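Heads up: the structure comes next, in structure tokens.
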Amino acid sequence: MSLPSLTREGLGVGRFGANAPVPSRTDPPPPPPCQEGGEVQLDPPFAPPPAPRYTRPMDIRRIDDRISVSPQITADDVATLKAQGFTTIVNNRPDGEDSGQPDGDSIAAAAEAAGLTYHAIPITHAGFSHPQIDAMTAVLADAPGAVLAYCRSGTRSCNLWALASAKQGEASDTLVAKGQAAGYDLSGMRPTLDALAGK
């Protein structure tokens, strides 16, 4: 069975009509439709989609009566933290680590509006320093109630709490056990904790 000829005659009465010319590959595209008055209708300008909203739920992990730690929180979480009895928020995460990460200023403003105290003690991946440990010690000593410290996953906050507590003389075994109960493994820090405690 042979295919029909693809000449103008072979197309017959198709969508081009019986005697309509067949467009060649070099024919220019048809002009865009015009509105009344001769204005060309253009597609609306492209608008990029809005940035995704940070919606990770809170995961508060209690270490002891003084402090709990958490992964990243948002300004919208501050009212819930106040309702749960927290009086102080400590931010251990530098701004700009992740795309869409809530900035510290927005959480500080929400804390101030809610009557909570806010402290920023950012810990980079370079590690911990004595000034950072001392700053955390001061926050824990001065806080009028429960403290919520947060970072990306809660690990840096837990580690900083342990270092500050060890420097105040709390036993390493106790600190490691508290961290483990909250889901954080502090066993690798035991030599540092012992050194800070003067053992």
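Bear in mind these aren't lab numbers, they're just calculated from the coordinates by the rules spelled out. Not measured: the values here are computed from a predicted model. Here the Cβ positions follow ideal geometry from the backbone for every residue, glycine too, while neighbour counts run over all protein chains shown.
Hey, does segment 127-150 have a residue that's within 19 Å of the chain's Cα centre (by Cα), in a loop (DSSP other than H, G, I, E, B) and either among the aliphatic types (A, V, I, L, M) or surrounded by 12 or more Cβ atoms within 10 Å (Cβ to Cβ) (or both)? If you could, list the steps in order and put the result at the bottom.
Here is the first cut: in segment 127-150, the ones within 19 Å of the chain's Cα centre (by Cα) are 148-150.
With the extra rule that they be in a loop (DSSP other than H, G, I, E, B), the set shrinks to none.
No - not one qualifying residue is present in segment 127-150.
I'm checking my understanding of the structure. Among residues of segment 166-199 that are of a type in the set (Gly, Ala, Ser) and part of a loop (DSSP other than H, G, I, E, B), which one is surrounded by the most Cβ atoms within 10 Å (Cβ to Cβ)?
Among those residues, the one meeting the criterion is 182.
Among residues belonging to segment 61-84 that are among the hydrophobic types (A, V, I, L, M, F, W, C) and closer than 17 Å to residue 116 by Cα, point out the one that is surrounded by the most Cβ atoms within 10 Å (Cβ to Cβ). Show your work before the answer.
First, the residues of segment 61-84 that are among the hydrophobic types (A, V, I, L, M, F, W, C): 63, 67, 69, 73, 75, 78-79, 81, 83.
Still in the list and also closer than 17 Å to residue 116 by Cα: 67, 69, 73, 75, 78-79, 81, 83.
Working: 67: 26, 69: 29, 73: 24, 75: 18, 78: 25, 79: 13, 81: 24, 83: 9.
Step by step, filter segment 61-84, then rank; the result is 69.
Looking for something among the small types (Gly, Ala, Ser) and within 21 Å of residue 197 (Cβ to Cβ) - is there at least one such residue anywhere in segment 145-153?
Applying the first criterion (among the small types (Gly, Ala, Ser)) to segment 145-153 yields 145-146, 149, 153.
So of that shortlist, the ones also within 21 Å of residue 197 (Cβ to Cβ) come out as 149.
The answer is yes, given that some residue of segment 145-153 is among the small types (Gly, Ala, Ser) and within 21 Å of residue 197 (Cβ to Cβ).
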